[in-house]
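Data first, discussion second: the structure below is written as structure tokens.
The values are calculated or read from the model by the stated rules, or taken from the named source; none is laboratory data. Only a predicted model underlies this, so the values are computations on that prediction, with no experimental measurement involved. Heads up, the Cβs are rebuilt from the backbone with ideal geometry, glycines too, and the neighbour counts pull from every protein chain shown.
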Amino acid sequence: MNKILLIIQREYFSRVKKKSFLIMTFLVPVLSISSFVLMFYLMAKQSDLGDKKKVEVVDESGMFQNSLKNIGTLDFVFSGDNYKSAQAGFLKSGYDYLLHIPSGCTGVQLLGEKKPSAVVLQNIETRLSEIAQSRRLQKAGIDTAVLALAQKPISIEPIQLTEKGIINAQVAVAYVVGFVAAFLIYMSLFIYGAQVMRGVIEEKVSRIVEVIISSVKPFQLMMGKIIGIGLVGLTQFVLWIVLSLVLSTAAGTLIAKQAGVATTANVAQMQQAAGPAGATASAVAPQDPASNATKIMQSIKSIPLTYTILCFLFYFLSGYLLYSAIFAAVGSAVDNETETQQFMLPITLPLVFTFVISMSFIINNPDSTLSIWLSMIPLTSPIAMMIRIPFGVPWPQLVLSMVLMVLGFLFTTWVAARIYRVGILMYGKKASYKELAKWFMYKE
Amino acid sequence: MISIRNIVKQYANHRALDNVSIEIEKGKVFGLLGPNGAGKTSLIRIINQITAPDSGEILFNGEKLTQKHISRIGYLPEERGLYKKMEIGEQVLYLARLKGLGKEEATRRIKYWFTKLEMESWWNKKVEDLSKGMQQKVQFVATVLHEPELLILDEPFTGFDPVNAEIVKNEILELNRKGATIIFSTHRMESVEELCDSIALLNLSHKILDGKVKTIRNNFRNGIYLFEFEGNSISGNNNLPFTILSETNHDNSWQLKVRINEGSRVNDVLQYMLPLVTITKVEEVVPTMNEIFIQTVSKAI
């Protein structure tokens, strides 16, 4: 046991002391949080940062003269010219686009020297449609107030009714948390599993393995390596979680402040824009992104953080133990990394399969039969279960999945160790699956 | 020290060791010889408990070999290696601690050995920064650090320049004088004659020869003598009590290699030659281990 500790120590410290570990540990949360912050910042400040486009409008219908107000990055200027002369003078006019609205509002054209971006096009389309709709309804004799009432959007608030009472069920957040957790597990199984495999190959290729297993049993060496590298992964995750919490709290307050400012500014802008028909326009205007951000920040708190993190750590560790044992066996069977290809399929297949199914199916149907099965099978459950956990998993299922997971990694470790002890001493022999089966059957 | 008894090791397609028994005496240098693929490495791995035999047993000082003997054995494999990215001092310390040495004791001994072999400045270097010979030296230190009673050295001199090979050889002999038993596996027969007290020769999974080096060489004496004399050639004569293998001549001085006929002795040859020539040198040509090796192995095939 003492010797296993020595091996764990070496494996752990030789990796943690590396510069790349430090860089990864600090850079990843800083980068991800700052890109998160940047995203919200850009969303909130879009109108200020974006490139202003000036649009000359020739409105032959006369419907838009007072309603089409400047929005975000678009400045509308109504032209007194008719379409022909506006078109003729357009290239020298200094406007970016020329919007031509014929009298019947059909065959609207946007002319420009360059192609307009999809966002610009969509923005103008939405605005025109809204205004045209309101105008037509008003013409049909519907009152402005009735119109505003009719166009008020409906938003649904999901509520979870459980034995503990009513919980605000933020589906979007469950979605994101499940996605991120499953993605992290998927990535880390590959990253740390491959580290185990590379470590085994290094020992085999450099032949140091023969010296070491004259001192310790192959099983001790294998487990020492797996546990050591697993602890490296755990350290990294714990540091990431702590750093992310600290940074996101800081970022959260920052965003809240920003959002506050942005919302007031936007509201003012909206009110300004409200002409006779403007009120309706602002009522159906797309939801202000900054207030969305605050909402998300608030609803992140609706997910039980400690429970999710603990489940994440369990599924990371057990999944890692299960897969890294297989990775170790593969490493022991080959003489260099390029030869590992033929054995990688059985490792990557269940992982990629679960990942794809998880992202497309389980995340939308967390309680379907297929989802439940996938979250029980040890090869697939680390990813499948992590997707389900933010949506709430009945505890008998969770316990069963965890027990199966533990049994699963005990089994793969046992199988892998039997292949490993023979494999590490076989130099220059091309291993096939048949060969591996033979090694597995060797007595001692 | 080590009794190897009826060891059989079967792999899927071939038998690596077939009923091999060898006795290794305490405090001696024992040569384990054999062509490639004879089963030497398999046997060494079994003694190191890296693999287990299918049948047969090994006794270490009379008791059955178990894991507790690991700390009393030092093993230098033929294919050797170290962690490339690890610092030398740390690495040797790690290997020593795996053998069961305490941290302080191991550090003290590493310092002693590093000073002795002039390696002090290597402590913080990485293996990849050392030459191959230097790495071998590090590995040698790692092998002997825990002062094993049994030292198993597989081709210990490969990779060394003559100076360092001599240094390492002297260290091995000194360890032997201090009481370590040494199993020495090699192809270099001249070093076998120089170092080994006894040998065992393995070929095609079988032990085909073993015993003291002197006894073996005596057993392989085949009546070949070398004469140097002055005078005339005697190759033309009839009724010689010997067969001439070769005769060369330098300025009236002859060198004659002969095989004495069955039933004759060297004295008969001398009696025959004395009246004819002036003898300056007589020497028995005892076969070298190299010749014995080749002769025995090729006969077995």
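Overview of results
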| item | result |
| --- | --- |
| Residue tally, condition touching a residue at least 24 places away in the same chain (Cβ under 8 Å) and farther than 14 Å from B:GLN139 by Cβ, over the range B:90-110 | 4 |
| Matching residues, the range B:230-260, being in contact (Cβ under 8 Å) with a residue 24 or more places away in the chain and within 25 Å of B:GLU291 (Cβ to Cβ) | B:LEU240, B:PRO241, B:PHE242, B:TRP254, B:GLN255, B:LEU256, B:LYS257, B:VAL258, B:ARG259, B:ILE260 |
| From the options A:VAL196, A:VAL176, residue that is of a type in the set (Val, Ile, Thr), crowded, with 24+ Cβ neighbours inside 10 Å and within 23 Å of A:MET24 (Cα to Cα) | A:VAL196 |
| The range B:202-236, residues that are outside any strand (DSSP E or B), loosely packed, with under 15 Cβ neighbours inside 10 Å and not hydroxyl-bearing (Ser, Thr, Tyr) | B:LYS214, B:ASN218, B:ASN219, B:ARG221, B:ASN222, B:GLY231, B:ASN232, B:GLY236 |
| Among (1) more than 13 Å from chain A (Cβ to nearest Cβ); (2) surrounded by fewer than 18 Cβ atoms within 10 Å (Cβ to Cβ); (3) touching a Phe, Trp or Tyr at 6+ places or on another chain (Cβ under 8 Å); (4) not in a helix (DSSP H, G or I) - the single one B:LEU59 does not satisfy | (3) |
| Any pair with Cβ under 9 angstrom, 6 or more apart, that starts in the range B:111-124 at a residue that is among the charged types (D, E, K, R) and ends at one that is not in a helix (DSSP H, G or I) | B:LYS111/B:TRP123 |
| Odd one out for B:ILE110 among (1) aliphatic (A, V, I, L, M); (2) more than 19 Å from B:GLN49 (Cα to Cα); (3) within 11 Å of another protein chain (Cβ to nearest Cβ) | (3) |
| Subset of the range A:406-421 [in contact (Cβ under 8 Å) with a residue 60 or more places away in the chain and of a type outside the set (S, T, N, Q)] | A:VAL406, A:GLY408, A:PHE409, A:VAL415, A:ALA416, A:ALA417, A:ILE419, A:TYR420, A:ARG421 |
| Elements of type helices (runs of 4 or more DSSP H) in the range A:117-231, at least 2 residues being away from chain B (no Cβ under 14 Å) and at pLDDT below 90 | A:118-139, A:144-150, A:171-205 |
| Selection within the range B:76-91 - assigned to a helix (DSSP H, G or I) and either within 11 Å of chain A (Cβ to nearest Cβ) or modelled with pLDDT of 95 or more (or both) | B:GLU90, B:GLN91 |
| Residue pairs meeting the criteria (Cβ under 7 Å; at least 6 apart or on separate chains; first on the phi < 0 side of the Ramachandran plot, in the range A:99-124; second part of a helix (DSSP H, G or I) and surrounded by fewer than 15 Cβ atoms within 10 Å (Cβ to Cβ)) | A:LEU110/A:LEU121; A:GLU113/A:LEU91 |
| Enumerated helices (runs of 4 or more DSSP H) restricted to the range A:337-394, each holding at least 1 residues that are in contact with a Lys or Arg (Cβ under 9 Å, 6 or more places away or on another chain) and touching a residue at least 12 places away in the same chain (Cβ under 8 Å) | A:369-374 |
| Residue within the range A:45-61 that is within 14 Å of chain B (Cβ to nearest Cβ), under 31 Å from the mean Cα position of the chain (by Cα) and free of Cβ contacts under 8 Å to residues at least 24 places away in the same chain present | no |
| Filter result for B:ILE70 (surrounded by 14 or more Cβ atoms within 10 Å (Cβ to Cβ), free of Cβ contacts under 8 Å to residues at least 12 places away in the same chain and within 24 Å of the chain's Cα centre (by Cα)) | no |
| Scan of the range B:159-169 for residues that are more than 18 Å from B:VAL29 (Cα to Cα) and in contact (Cβ under 8 Å) with a residue 24 or more places away in the chain, ordered by number | B:GLY159, B:PHE160, B:ASP161, B:ASN164 |
| Residue list for the range B:123-154, restricted to those being within 11 Å of chain A (Cβ to nearest Cβ), touching a Lys or Arg at 6+ places or on another chain (Cβ under 7 Å) and within 24 Å of B:LEU33 (Cα to Cα) | B:GLN139, B:PRO148 |
| Residue list for the range B:93-105, restricted to those being crowded, with 19+ Cβ neighbours inside 10 Å and either away from chain A (no Cβ under 11 Å) or not hydrophobic (A, V, I, L, M, F, W, C) (or both) | B:TYR94, B:ARG97, B:LYS99 |
| Scope the range B:147-164; condition among the hydrophobic types (A, V, I, L, M, F, W, C) and outside any loop (DSSP other than H, G, I, E, B); matching residues | B:LEU150, B:LEU151, B:ILE152, B:LEU153, B:VAL163 |
| Residues of the range B:107-145 that turn out to be among the charged types (D, E, K, R), touching a Leu at 6+ places or on another chain (Cβ under 9 Å) and not in a helix (DSSP H, G or I), as a count | 0 |
| Output for the range B:38-55, where each listed residue is in contact (Cβ under 8 Å) with a residue 24 or more places away in the chain and either within 14 Å of B:LEU202 (Cβ to Cβ) or away from chain A (no Cβ under 13 Å) (or both) | B:ALA38, B:GLY39, B:LYS40, B:THR41, B:SER42, B:LEU43, B:ILE44, B:ILE46, B:ILE47 |
| Residues satisfying the stated conditions in the range A:225-236, i.e. closer than 15 Å to A:ALA181 by Cα and either surrounded by fewer than 19 Cβ atoms within 10 Å (Cβ to Cβ) or not assigned by TED's automatic domain parsing to the domain that holds A:TYR320 (or both) | A:LEU234 |
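Per-residue answers, yes or no, for (1) loosely packed, with under 11 Cβ neighbours inside 10 Å; (2) modelled with pLDDT of 85 or more; (3) outside any strand (DSSP E or B):
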| site | (1), (2), (3) |
| --- | --- |
| B:ASN238 | yes, no, yes |
| B:LEU245 | no, yes, no |
| B:ASP268 | no, yes, yes |
| B:LEU276 | no, yes, yes |
| B:ILE294 | no, yes, yes |
